[in-house]
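For reference, the structure discussed in these notes is given below.
The values are calculated or read from the model by the stated rules, or taken from the named source; none is laboratory data. Quick caveat: nothing in here was measured; it's all calculated off a predicted structure. Heads up, the Cβs are rebuilt from the backbone with ideal geometry, glycines too, and the neighbour counts pull from every protein chain shown. Areas reflect the complete protein model, heavy atoms only, side chains present, ligands, DNA and RNA absent. Shrake-Rupley method; radii C 1.70, N 1.55, O 1.52, S 1.80 Å.
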Amino acid sequence: GAAVEDRRPGVGDIKPPVSVKPGTAPVAKPIASKPIVANPLKDPGNILSKRSVYFDYDSSAVKDEFKPLVTAHARYLTQNRSARMAIQGNTDERGSREYNIALGQRRADSVKQMLLLLGAQEAQIETVSFGEEKPRATGKDEKSFSENRRSDIVYAGE
């Protein structure tokens, strides 16, 4: 014959493991679970979610305040050798189109050079210049210009 299971409530219920010491009440032990690992690139609390390096007017030097950001992305690339990124150089609208394309490229290349010096591989990084073609801000004031003087980091698949 076939085996018969008793399905009445309370019979065969699964109970969490308990720990009992003499003279104490039973205490349920927490059931171990795997920690939820969020994508560090999308975690707003992680520096890797920051993707823009801003520059001074007519400059392609990475400012000291953005070096920890670039360092964090370099560390990510060295720990994730299959990761690929593009660095998009941008400028404000001042200057000729040709000058701004060249400046945007120098900005993207300066971020790439820093990443390479910190251990990233050449094959992981592409650079491109958009010059003044992809502004983040459209105003005609210094605040808007400063938002447009940047290099943006974009990971493959995003």
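Given points 7 Å out from each Cα along the Cα-Cβ axis, report the Arg75 to Asp43 separation in nanometres with one decimal.
1.2 nm
For a label point 7 Å from the Cα of Arg84 along Cα→C-beta, name the residues of segment 110-138 whose backbone N is under 18 Å from it.
Those under the cut-off are 112, 116, 120-129.
List the trypsin sites (Lys or Arg not before Pro) within segment 61-158 that DSSP assigns to loop and that have no more than 16 neighbouring Cβ atoms inside 10 Å.
Counting only loop positions with at most 16 other Cβ atoms within 10 Å, the trypsin sites (Lys or Arg not before Pro) in segment 61-158 are Lys63, Arg81, Arg84, Arg94, Arg136, Lys140.
Going by amide H atoms built from the backbone, whose H comes under 5 Å of the H on Ser129, apart from near neighbours?
The list, which skips near neighbours in sequence, is Gly89.
List, in order, the whole-Hz ³J(HN,Hα) value for each residue of segment 80-85 obtained from phi through the Karplus relation with A = 6.51, B = -1.76, C = 1.60 and θ = phi - 60°; use x for Gly and Pro.
Per-residue couplings from phi come out as 10, 4, 8, 5, 10, 9 Hz.
Between Asp64 and Lys143, what FRET efficiency comes out of the Förster formula 1/(1 + (r/R0)^6) with R0 = 25 Å and r the beta carbon distance, rounded to 0.05?
0.75
Around Leu117, with a cut-off of 15 angstrom between Cβ atoms, what is the net charge of the other residues, counting Lys and Arg +1 and Asp and Glu -1?
+1
How far apart, in nm, are the 7 Å Cα→Cβ label points at Glu122 and Arg136?
3.0 nm
In segment 71-145, carbon and sulfur make up what percent of the accessible area (probe 1.4 Å)?
Here it works out to 50 percent.
Distance check, please: which entries in Lys67/Lys140; Lys42/Lys134; Lys50/Lys143 exceed 25 angstrom between their Cα atoms?
Lys67/Lys140
Dividing the convex hull volume of the Cα atoms of segment 97-158 by its residue count, what figure in Å³ per residue is obtained?
Enclosed volume per residue, from the Cα hull, is 102 Å³.
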